[in-house]
Amino acid sequence: MYHLIHCPECFRKLRIPEEWLGAKVQCPSCGSMFTSERQQVVSEGVEDFDQPAATSRDQNTHQQSTGYPAQSFGSHQPLRHPSKPSKVQAIGGMMLAGGIVAILASMAFMATCSCLLWPGTYYSLVLGILAVVRASSLLSEEAYQQSPPTGIAVMQIINIINCDLVNLILGILSLTFLNDPECQRYFRG
């Protein structure tokens, strides 16, 4: 039987055998060493998670040093979610503002009727809708469960074809923030 644990540093999901509970393991993603604690039981082969590297400490050594069997560790502790960095909150705000600006720009293009043939009008509308939807999910508490919004940031930059300097600047700032190691760790989980 396998147990699902999360690395306390990068929050990566790891699948470990039951005999490794209470032992020191090393995360294959970030390399941090930590003591494995029971969090969730997983059937064998159901999900394909990374397996950490085991160290020399086994269950008997753990029970001798602490007086508690390894199986009792962490059985009732909730999963720890990463705290949202302020840069992720800023990216969500910038995407919301950029989405609203893009929707307003496309509406202004449509109002002139001569721009209905310009594909940039529809690109701006689609960008605005996607950016607002993605921004609302980034501003929620479960934003760590999603992938980084790199695509929307690139779309904001491309919207320069409509002379949209606001989205150009916001897209560049978003990509800069997404390259921050703290943001990359947050979205890796």
- Note on the structure: For the range 144-158, in residue order, the Karplus 3J(HN,Hα) values (coefficients 6.51, -1.76, 1.60; θ = phi - 60°; whole Hz; Gly and Pro = x) are 5, 7, 9, 7, x, x, 5, x, 5, 5, 5, 4, 4, 5, 5
- May I ask you to order 26-34, 155-163 by the average number of other C-beta atoms within 10 Å around their residues, highest value first? 155-163, 26-34
- If each of residue 107 and residue 140 carries a label point 7 Å out from its Cα toward its Cβ, how far apart are those two points in nm? 2.5 nm
- If you count, for each residue, the other Cβ atoms within 10 Å and average over each peptide, how do 144-154, 15-25 line up from highest to lowest? 15-25, 144-154
- Looking at the range 86-188, what % of the alpha carbon pairs are farther apart than 16 Å? 52 percent
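Give, as a single signed number, the net charge of other residues whose beta carbon lies under 15 Å from the beta carbon of residue 98, with Lys and Arg counted +1 and Asp and Glu -1.
Net local charge, residue 98 excluded: 0.
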- Message: Let's see if you can work this out: charge +1 on each Lys and Arg Cβ, -1 on each Asp and Glu Cβ, no other charges. What is the dipole magnitude of the range 86-188 about its Cα centre, in debye to the nearest 20?
- Response: 80 debye
- Task: Name the long-range amide H neighbours of residue 2: under 5 Å, sequence gap of 5 or more, or other chain; modelled H, no Pro or chain starts.
- Result: 42, 44
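Each reported figure results from applying straightforward, stated rules to the coordinates on display, with no laboratory input. Note that the coordinates shown come from a computational prediction; the quantities given were computed from them, not determined experimentally. Cβ sites come from the backbone with ideal geometry, for glycine too, and all protein chains shown count toward neighbours.
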